[in-house]
Each structure stands twice: as structure tokens, then as C-alpha cells.
Amino acid sequence: MSNAPLRILGIETSCDETSAAIVEGGRTILSNAIASQIDLHAKYGGVFPEMASRMHVEAIYPIVTAAMSEAHVGWGDIDAIAVTRGPGLVGSLLVGLNAAKGIAIGRGLPLVGVNHLEGHVYSLWLVEDAPEVAFPVIVLIVSGGHTELLLMTGHGQYQSLGRTLDDAAGEAFDKVGRLLGLPFPGGPSIEKAAQDGDPTAYAFPRAWLDQTWDFSFSGVKTAVLKEVKKQWPGMKAGVDAVPPGLPVPNLAASFQAAVIDVLAEKTAQAAAQLNATEVFIAGGVSANIPLRTELARRAKVPVRYPPLVLCTDNAAMIATAGHYRYLAGQRDGLEIDVKPNWKLT
Ligand code: KG4
Ligand code: ZN
């Protein structure tokens, strides 16, 4: 056995990004190749599952090859393959898992199945120059498919505190973005439009769900819809062009403020009550700068968030999660299947 740091090939295909990455020692990204299908799905205003799996089939081989060549490594330098098993779109997940199995057989490498949400958590281990993690930490995962508040007490050890009862935060951003006629995905579009708006223009509701750490975002989404209908009678979301008079920046800023208020407050309170040393925020919505700022303002402990490119789906985070799973002794057989509804806890 050599003492060289572990090198893990990560593969991620759970939604609309085909990605392969090589991570060394669980911290250093040697490559992180990503083929995004966003432009394609933008035409439909959301991810089109059948199209997504077809695109993954086309992209997977070139992406793995790109990750290997960008990292300047050969197969002999790789110690294991970490691959997303779920949660995600079944057809998309199958492409990544089957590719990983093929490589595992062909190159005689161990296979490690990874939960996509754990991947998002481990994107926080890829923050450059960050101090070692001292558990317990509070983790807020906010993505297009999930909104979950976790207490992480050690590597691979999570206690779920609460989650969304209806829409995920990113999903609400995407739906409201569509309603306001903004380009897909709605999250970055709303953040941009909100820069020119007044966050206090509309008092959209906040679902506090007191005595729980759960979230709900369908109420605020419906409140935006009602306001838009009031100002624009006869509208059909996603079909009509938005009329010039609609105050999109104010609507976007007020919606964003309502979502951030609840996310930041509940996360900050959980950190205080559970004596967390740090707050981690991960997933696509963690790219949102006002959310980061508000969380940092309210939390009494440091807030750690991933570099922007690692907020949305990528294989470097899967490789890093796989690194810790591999260290813990996890080895999966070729019989493993995808788990489209896999929960982290
Ligand atoms: O983690 P991710 O890439 O995919 C899932 O696992 O779901 O997250 C994608 C989600 C989308 O809903 C997108 O609108 C949202 O993240 N998002 C943002 C921002 N960037 C991406 N939401 C708010 N502000 C952003 N800047
Ligand atoms: Zn994700």
C-alpha cells in the first residue's frame, strides 16, 4: 500500500448535469468536468426527464474522459469510483450508475454508491483554506429538489431536524421565476431581478411552522401568483409574455426576502439551540448571495458555503463524499441499483 492520498473518480447524473471529477485526499479538486443541459431544458421551462437521460448517455463518456485528462491521471492513479445512486430522476441516475459499474469491472476498481444530498453536504469540504470541521454542525441543504435541515455529528452521521412539507426552496424559485416570465432556472434569474427591486414592496407570507424545524414554500408561491393575477387579469403562467407594467423586480425581491427570512431565521435558531460550531449551507440555492448574507448576519457561529461552481450539481462533491465513505470501509457490489427517493436519514 502506498501512502499517496486517495484519488476518487466521482460521477454525477442525478438531474440535468452530467459530471465527472477527480478529487485527491477528499479536498483537492484535480478536475471537475460538467456538461449542463440547462439551455436545452430552458425551452420547456423545467427539466424534461426523458430528454435528460438521453443527453446523459451522449455526454457521459466524453465527460469521464475530460475529467481524466484534465486531472492528468491514468486509471492506475484512481483508487475508487464514487457514483450518485439517488435521489434523482431514475433514467438519469441509471446512466451514471451503469457507467460507473462498467468502469469498475473494466478497470478492477472498487465502487462506492453515494447519496446526492450527502454529496451536497461534502461540497463544504472543498472550500479552500477552510478550517477542519469540528462537529456538530448544522447543515441546511437547499436545492431544486430538497430543503432539509440537518444536525451533522460526524462523517456520514446525520439527524434530520426538519424538511419542507411541500415545495423545495429551489422549486419555489423556479416556479415563481416562470410566473414572472424570467428565464429558467428561476433562482439566479430572481436573484438578478431582485437587485433592482424593493424587498418590502409586498408583504408575502412566511410559514414559520412554530415548534418544528420544517419549512413550507407553497403559500408564498401562491401569494405571488395571486398578486400577479390581481395586477394582470387573464394571465396564463409561462404562456403569455409578461406585460411591461408588471413590477417584476419588486415581486422578485419581496418573494426572495420572504423565502430567505424563514430559511435564515430557522437555521440560525437551530444552530444556537443545538450548540453547533458552524452553519453549513449547500445545494443550488446556497449560491444566492442575499441568503448567504442574511444567514451570516443572524447566525452566532461562522457560516460556511461552497464556492459558486460547487453549489449546483457536480461530481467533485460526489467524489469527496465517496472519499469519506471509502475511508469508512464502504464497498458496493455490482448488484446495487439506483434509489430515486433515497433519504439521507
Ligand atoms: O442543487 P441543484 O443544482 O439541483 C438539485 O439537486 O436540485 O439546485 C438547483 C436549484 C434550482 O432550483 C435553481 O433555481 C436554484 O438551485 N438556484 C438558485 C440560485 N442558483 C441556483 N436559487 C436561488 N438563487 C440562486 N442564485
Ligand atoms: Zn443537487
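Read-outs throughout are calculated quantities, based only on the coordinates presented, and are distinct from any laboratory measurement. The shown structure was predicted, so the numbers you read here are calculated from the model rather than taken from an experiment. Heads up, the Cβs are rebuilt from the backbone with ideal geometry, glycines too, and the neighbour counts pull from every protein chain shown.
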Please name which of PRO5, TYR44, ALA66 has its Cα lying farthest along the dipole of region 1-88 towards the positive end, using unit charges on Cβ (Lys, Arg +1; Asp, Glu -1) and the Cα centre as origin.
PRO5
Sparse-neighbourhood loop sites, trypsin sites (Lys or Arg not before Pro) in region 19-93 - DSSP loop, at most 13 other Cβ within 10 angstrom
LYS43
For region 210-274, what is the number of Lys pairs with C-alpha distance below 26 angstrom, counting only pairs 8 or more positions apart or on separate chains?
5
Where N is the number of residues in the chain, Cα Rg divided by 2.2 N^0.38 Å:
1.00
With label points set 7 Å from each Cα along the Cα-to-Cβ direction at GLN195 and THR345, the distance between them in nm comes to 3.7
Between the DSSP loop rule and a limit of at most 13 other Cβ atoms within 10 Å, which trypsin sites (Lys or Arg not before Pro) in region 160-268 are left?
LYS236
Over its alpha-carbon atoms, region 109-192 yields an Rg and a Dmax in Å of 15.7, 48
Could you give me the radius of gyration and the Dmax of region 134-305, taking only the C-alpha atoms into account and expressing both in angstrom?
16.3, 54
Taking only the C-alpha atoms, wrap a convex hull around region 222-271 and report its volume per residue in Å³ as a whole number.
81
Stretchable slack from ALA203 to LEU334, in nm (0.36 nm times residue separation minus alpha-carbon distance)
41.9 nm
Set the Förster radius R0 to 22 Å, insert the Cβ-Cβ distance between LYS43 and ALA241 as r into 1/(1 + (r/R0)^6), and round the FRET efficiency to 0.05.
0.90
Going out from 0 in 5 Å bins, what whole percent of all Cα-Cα distances in region 1-97 drops into each bin?
2, 15, 23, 21, 16, 11, 7, 3, 1, 0, 0
Given backbone amide H placed at 1.01 Å from N, residues whose amide H is under 5 Å from that of GLY162, ignoring those fewer than 5 places away on the same chain, are LEU149
Springs between alpha-carbon atoms under 10 Å, Gaussian network over the chain: tell me which of GLU335, GLU265, GLU278 tops the mean-square fluctuations.
GLU335
Mind putting a number on the dipole of the chain about its Cα centre? Charges go on the C-beta only, +1 for Lys and Arg and -1 for Asp and Glu, and I need it in Debye to the nearest 20.
480
Ignoring everything except DSSP H segments at least 4 long, calculate the 222 nm mean residue ellipticity for the chain; use -39,500 (n - 2.57) per segment, divide by total residues, nearest 500.
-12500 deg cm²/dmol
Roughly what angle does helix 289-298 make with the longest principal axis of the chain, taking Cα atoms, 0 to 90 degrees, to the nearest 10?
90
Residue-span extension gain [ALA272 to VAL90] - 0.36 nm each, minus C-alpha spacing
61.7 nm
In degrees from 0 to 90, rounded to the nearest 10, what is the angle of the helix 315-327 Cα long axis to the longest principal axis of the chain?
50
If you fit an axis through the alpha-carbon atoms of helix 49-70 and take the longest principal axis of the Cα set of the chain, what angle between them do you get, 0 to 90°, nearest 10?
50
What list of ³J(HN,Hα) couplings, whole Hz, do you get for region 128-139 from phi and the Karplus terms 6.51, -1.76, 1.60, once you set θ to phi - 60° and write x for glycine and proline?
5, 6, 6, x, 4, 7, 10, 6, x, 10, 8, 10
Per-residue HN-Hα couplings for region 112-122 [Karplus 6.51, -1.76, 1.60; θ = phi - 60°; Hz; x = Gly/Pro]
10, x, 10, 7, 4, 5, 5, x, 4, 4, 6
For a quick check: with amide H placed at 1.01 Å from N, whose amide H comes under 5 Å from VAL303's, ignoring anything fewer than 5 positions away on the same chain?
VAL279
Would you mind getting me the FRET efficiency between SER160 and ARG297? Use the beta-carbon distance for r and R0 = 30 Å, nearest 0.05.
0.70
